[in-house]
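Let me begin by presenting the structure, written as structure tokens, before commenting on it.
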Amino acid sequence: MQIRPSQSGFTLIELLVSLAIFTIVITMAVGTLLVLIDANAKAQNIQTTMTNLNFALDSMTREIRTGERYYCASAAGSAFQGSQDRQDCDSTPGEFLSIIEGGQSLTAGAPADQHRIEYRLNGTAIERRVCTTSTCSDPWLAVTSSDIVITDLNFYVTNSARLSGSGDTLQPIVTIQVSGQAGEVSGLDTSFSLQTTVTQR
């Protein structure tokens, strides 16, 4: 009499159950991976935005801190009328700021007392103009990158009047508010809102 060894295997039901469990686990793992990839892309967008905005704001604050004769207005069309002009935007914010540069590193060659640097919001970008002529007809150049959409740029300027012997000892103060969105990846745009305050050195 010949005895055959018993060979047991998986039944069809066991294979189907195993395959279903495997599919669920893989689906969850892929979903988690996609969430991590999206989070990483968003983090990179935020990092790029903050780096660019920090560079732009650092440049602006450095020039404002060392400048003088601040002229703030609601729009660039209402620009200053002369080199001595000063104007506050204390209750209503302005979108245009013009200052006399503290030195002549950027405005070298400009007429005496006309070394102006100007900032404005144009569409979705912050722009700067360095004036080298008395009419300040120099081109505006963007200081923020194209993947950043600036929706608001507000300047609040107080105490822009010249210090005098009549008891006016308050330093000019400029507060800058910037808000907008950043991101090159669709659906991963990041909103931001920044504020900084600068006092004249």
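Tabulated results
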{"item": "Checklist (1) within 22 Å of the chain's Cα centre (by Cα); (2) modelled with pLDDT of 85 or more applied to residue 75, failing item", "result": "(2)"}
{"item": "Members of segment 13-61 found to be among the polar types (S, T, N, Q) and either surrounded by fewer than 10 Cβ atoms within 10 Å (Cβ to Cβ) or over 29 Å from residue 175 (Cβ atoms) (or both), listed by number", "result": "18, 23, 27, 32, 40, 44"}
{"item": "Segments classed as strands (runs of 3 or more DSSP E), wholly inside segment 114-201, with at least 3 members that are within 23 Å of the chain's Cα centre (by Cα), at pLDDT 75 or above and within 19 Å of residue 87 (Cβ to Cβ)", "result": "116-122, 148-158, 173-182, 190-199"}
{"item": "Positions within segment 27-68 being charged (D, E, K, R) and either within 22 Å of the chain's Cα centre (by Cα) or at positive phi (or both), in sequence order", "result": "38, 42, 58, 62, 63, 65"}
{"item": "Considering residues of segment 90-104 that are closer than 14 Å to residue 156 by Cα and touching a strand residue (DSSP E or B) at 6+ places or on another chain (Cβ under 6 Å) only, the residue surrounded by the fewest Cβ atoms within 10 Å (Cβ to Cβ)", "result": "90"}
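The values are calculated or read from the model by the stated rules, or taken from the named source; none is laboratory data. Keep in mind it's a predicted model, so treat the numbers as computed, not measured. Positions of Cβ are generated from backbone atoms using ideal geometry, with glycine treated the same way; all protein chains shown enter the neighbour counts.
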